[in-house]
Amino acid sequence: MTNPEVPIRILYIEDERAIARFVELELRHEGYQVRLAHDGPGGLALAQNEAWDVILLDIMLPGLSGLEILRRLAADGAHAPVIMLTAKDDSSDTVQGLDAGASDYLTKPFAIEELLARIRRVLRERPRPGSDAPATRLQAGRLCLDLPARSAMVDGEPLELSRTEYDLLAFFVSHPDQVFTRDEILNAVWGPNFYGDTGNVDVYVRYLRAKIDDVYNMQIIRTVRGVGYGLKRQPASEA
Ligand code: CA
């Protein structure tokens, strides 16, 4: 299932320290890496600045509510799946949270086994571009992707890509002969629950072009007028 050498990283934003500590210990016991944040602003900063596999988000938080954190993450673009932890009888928070892009929710107090099951479920369901391909390395001309390592290289030189940039690049390289609409790309890379518009696709294609095309004097992604984007057919590697 999970590669034990690549631990799953969970960010847990919760101001009730006793609960936070208890859940943290249980999660560590399951082999997850856990980072705690005890207020809204601190949690948002960690959520934005580091890569996570799952975010557990309390709704009632000092400084910034969980709902506001969700909205800001959604406005930023792709983010890790979020499981909201809501107070009992607060169905309006739950609905707003799901609308804002949360993957799931759990009502407090919850059984730890229930939380572990929800975490396993969102991990199973998160989009993993290229995971349907049996190959672990994908080559497109001078560009090479190492799928298990989630790394990309041009001429053997590693590229520094954000999580979303890598996912988008892996999506194109995994489907070399296809052209996709922005909606299809958004759905495949950002996931069906992503709360944002197709302008994100254009922005991230620009990022990739700036990091690859401009630097290595090549063209990776082609714009297909009136349709969307696709991988450009790559000349064979000179090596
Ligand atoms: Ca709270």
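Every number here is computed from the coordinates shown, using simple stated rules; none is lab data. Just so you know, these numbers come straight off a predicted model, no measurement behind them. Cβ coordinates were reconstructed from backbone atoms using ideal geometry, including for glycine residues, and neighbour counts include every protein chain displayed.
Tabulated results
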item	result
Mean separation of Cα contacts under 8 Å (6+ apart) over length of segment 45-90, as relative contact order %	49
Alpha-carbon centroid distance for the pair segment 105-121 / segment 142-195, whole angstrom	31
Karplus (6.51, -1.76, 1.60) ³J(HN,Hα), θ = phi - 60°, over segment 119-126, in Hz, Gly and Pro reported as x	5, 4, 5, 5, 5, 5, 8, 5
Tensor-based shape of segment 9-125 (alpha-carbon gyration tensor, a/c under 1.5 rounded, otherwise prolate or oblate)	rounded
Equivalent ellipsoid, segment 137-231 (semi-axes from 5 times Cα gyration tensor eigenvalues, Å)	21, 15, 12
Interatomic Cα distance distribution for the chain, bins of 5 angstrom, percent	1, 6, 14, 17, 17, 14, 12, 9, 6, 3, 1, 0, 0
Charged-residue dipole, Cβ positions (Lys, Arg, Asp, Glu), segment 9-125 about Cα centre, Debye nearest 20	260
Burial order of peptide ranges 108-114, 190-196, 167-173 (average beta-carbon count within 10 Å, highest first)	167-173, 190-196, 108-114
Cα pair count fraction exceeding 14 Å, expressed as % - segment 2-61	52
Farthest toward positive dipole pole in the chain [+1 Lys/Arg, -1 Asp/Glu at C-beta], among PRO109, VAL6, PHE22	VAL6
Nearest-20 debye value, segment 137-231 charge dipole, Cβ charges on Lys, Arg, Asp, Glu	80
Residue exposure sequence - MET84, MET153 - by fewest surrounding Cβ within 10 Å	MET153, MET84
Phi to ³J(HN,Hα) by Karplus 6.51 cos²θ - 1.76 cosθ + 1.60 over segment 209-223, Hz, x for Gly, Pro	5, 5, 7, 10, 4, 5, 7, 9, 6, 9, 10, 9, 10, 9, 8
Length-normalised contact order of segment 110-214 in % [C-alpha pairs under 8 Å, at least 6 apart]	23
Rel. contact order, % - alpha carbon contacts under 8 angstrom, at least six apart, the chain	14
About the Cα centre, charge dipole magnitude for the chain (Lys/Arg +1, Asp/Glu -1 at Cβ), debye	580
